[in-house]
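Right, one structure below, let's go through it.
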Amino acid sequence: MKMKRTFTRMAAAITAAFLFAAMIFAGGSGILPSASAENGTPVYKSSDLFTDRDLKQTADLDKAVSLTVEDGKEIRITEAGTYVLTGTASNATVYVEAGDDDKVQLVLQDLHITNSDFPCIYAYNADKVFITTAEDSSLTVNGTFRTDGSINTDGVVFSRTDLVMNGTAELTIQSTDNGVVCKDDLKITGGSYTITAGSKAFEANDSIRIKDGTFSLRAGTDGFHAENSDDDSKGYIYIGGGTMTITCGDDGIHATSVVQIDDGTLTITAREGLEGSFIQVNGGTINITASDDGINAARKSTAVEVAVEFNGGTVNVTMGGGDTDGVDSNGSLYINGGVISVNGNSTFDYDGMVSFNGGTVYINGQQASSIPNQMMGGGGRGGWGGGWNMPQDNGGNTPPADGWNGNPGDNGGRGGRGGGRRGW
């Protein structure tokens, strides 16, 4: 793979250098001095991403309405308020269609729904929907998802509006396709989540913002996936805490624009651990075992710089054999702080500049005083065998009834910050 990429990468690097020089010559470098990557300034501030209510892990039940699910029936919620959901049912959906300014809080209290082809919770319209776990609950879709008219309702929890997930109990989700899908901003500030999904565990359009929570995710493709096909300045992932164990067939964490990790403990086993256009690690503990690139910054967004930046935290990357990269940036690499340990044949691969200003780097167990570049390296495709032993359903991978087997298989210039994120 590396030999095939080399000429494309060289051309991209030359083009980026030319554009950068042209911008400086024109007197407008596009760089905000206080927001340059080398100074380690966070792209996002946690205080700007969450409201006080987002962070509150229990609901005010003084005026709450209690509802019990029944087999084959829909619970329809049409106005703002707090609703306590309980009971066990098959082919039942909690359907939210409230006003544009309404906030709806769903409190899951020993709720268990198993559907054959449609979401268990469907937030069609509201200003914001909260899903708060008060007692352990479970949601399952075990067949092929059907659409709602032109809407591809492909998640056990499916929301067309802003969604906040929090609480004090565990939510278990099993899906033949996606676990949680949000077509706007998805925030997770607490609770415990065990998800087994044939495709993605969590998917959102505009952003995924995580403040806290415990996550055990097994997914056929990605663990967390944020992508907005209409606006590539969106589709970012922020992690400010939580404990995550992610095992998946493609990317542990995948964002169109920015992946920012400020805190938390992440253990990822995947084809690629972190993928985005701009990846910034400011804190936390990240352990990645990957069969392709451990951390990969690639051009997915025209609104941000392509780069990997380490400012703090502890990062351990272990690679499979063959043509794999521990840290792979199709742009630049900035190391300002933290402890980074990479083990593998190709540890660092970057197309732009490297800036090693601080921190500690270990390469195959040895402390490094400079950062090597494997950009021109070759070699045949290696990796892990085994693949994912899952039957196919609805065009994607489906977890078998007795769980998952196998390991992830082998697949064989600078910018400033615009609109709160790094961009030209």
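The values are calculated or read from the model by the stated rules, or taken from the named source; none is laboratory data. Owing to the predicted nature of the structure, the values given are computational and were not obtained by experimental measurement. Cβ atoms come from the backbone with ideal geometry, glycine included; neighbour counts cover every protein chain shown.
Select from segment 85-110 the residues that are acidic (Asp, Glu) and either surrounded by fewer than 17 Cβ atoms within 10 Å (Cβ to Cβ) or in contact with a Gly (Cβ under 6 Å, 6 or more places away or on another chain) (or both) and list them in ascending order.
In the first step, residues of segment 85-110 are kept if they are acidic (Asp, Glu); the result is 97, 100-102, 110.
Answer for segment 85-110, where residues must be acidic (Asp, Glu) and either surrounded by fewer than 17 Cβ atoms within 10 Å (Cβ to Cβ) or in contact with a Gly (Cβ under 6 Å, 6 or more places away or on another chain) (or both): 97, 100, 101, 110.
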**Asked** Can you find a residue in segment 231-253 that is modelled with pLDDT of 95 or more, out of contact with any Cys (no Cβ under 7 Å at 6 or more places or on another chain), closer than 21 Å to residue 362 by Cβ and of a type in the set (D, E, K, R)?
**Response** no
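Residue 290: buried (at least 24 other Cβ atoms within 10 Å of the Cβ), within 16 Å of residue 163 (Cα to Cα), among the aliphatic types (A, V, I, L, M) and at pLDDT 95 or above, yes or no? Steps first, please.
On the way: buried (at least 24 other Cβ atoms within 10 Å of the Cβ): yes; within 16 Å of residue 163 (Cα to Cα): no; among the aliphatic types (A, V, I, L, M): yes; at pLDDT 95 or above: yes.
No; evaluated as a whole, the condition is false for this residue.
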**Prompt:** Could we say that residue 216 is touching a strand residue (DSSP E or B) at 6+ places or on another chain (Cβ under 7 Å) and farther than 26 Å from residue 337 by Cα here?
**Reply:** yes
**Asked** Any idea which of 331, 322 is over 23 Å from the mean Cα position of the chain (by Cα) and more than 15 Å from residue 281 (Cβ to Cβ)?
**Response** 322
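List the strands (runs of 3 or more DSSP E) inside segment 230-330, counting only whole elements, that have at least 1 residues being more than 23 Å from residue 195 (Cβ to Cβ) and in contact with a Gly (Cβ under 9 Å, 6 or more places away or on another chain).
Numbers: elements: 236-248, 251-255, 258-270, 272-276, 278-281, 285-290, 295-297, 307-319, 325-329.
Filter on segment 230-330 gives 258-270, 278-281, 295-297, 307-319, 325-329.
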**Residue pairs meeting the criteria (Cβ under 6 Å; at least 6 apart or on separate chains; first among the small types (Gly, Ala, Ser), in segment 41-52; second surrounded by 17 or more Cβ atoms within 10 Å (Cβ to Cβ))** = 46/240
**Asked** Of all residues in segment 49-70 being outside any loop (DSSP other than H, G, I, E, B) and of a type in the set (Ser, Thr, Tyr), which is nearest to residue 83 (Cα to Cα)?
**Response** 66
**Message:** Of the residues 196, 214, 245, only one is β-branched (Val, Ile, Thr), surrounded by fewer than 24 Cβ atoms within 10 Å (Cβ to Cβ) and closer than 23 Å to residue 152 by Cα; which?
**Reply:** 196
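Any residue that is touching a helix residue (DSSP H, G or I) at 6+ places or on another chain (Cβ under 9 Å), at pLDDT 95 or above and among the charged types (D, E, K, R) - is there at least one of those in segment 82-102? Outline the logic, then answer.
Taking segment 82-102 first, the residues touching a helix residue (DSSP H, G or I) at 6+ places or on another chain (Cβ under 9 Å) are none.
Scanning segment 82-102 turns up no residue that is touching a helix residue (DSSP H, G or I) at 6+ places or on another chain (Cβ under 9 Å), at pLDDT 95 or above and among the charged types (D, E, K, R).
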**Prompt:** For segment 132-173, how many residues are within 18 Å of the chain's Cα centre (by Cα) and part of a strand (DSSP E or B)?
**Reply:** 11
**All positions within segment 87-103 that are farther than 13 Å from residue 121 by Cα and part of a strand (DSSP E or B)** = 87, 88, 103
**Request:** Report whether or not residue 208 is in contact with a Gly (Cβ under 6 Å, 6 or more places away or on another chain) and part of a strand (DSSP E or B).
**Result:** no
**Request:** Any residue in segment 129-152 that's under 27 Å from residue 54 (Cβ atoms) and modelled with pLDDT of 95 or more: show its pairings with residues that are outside any strand (DSSP E or B) and hydroxyl-bearing (Ser, Thr, Tyr) at Cβ separation under 8 Å, as long as the two are six or more apart or on different chains.
**Result:** 129/161; 132/58; 133/168; 134/58; 134/168; 141/116; 141/176
**Request:** Taking the residues in segment 293-314 that are over 19 Å from residue 248 (Cα atoms) and among the β-branched types (Val, Ile, Thr) as candidates, determine which candidate is surrounded by the fewest Cβ atoms within 10 Å (Cβ to Cβ).
**Result:** 302
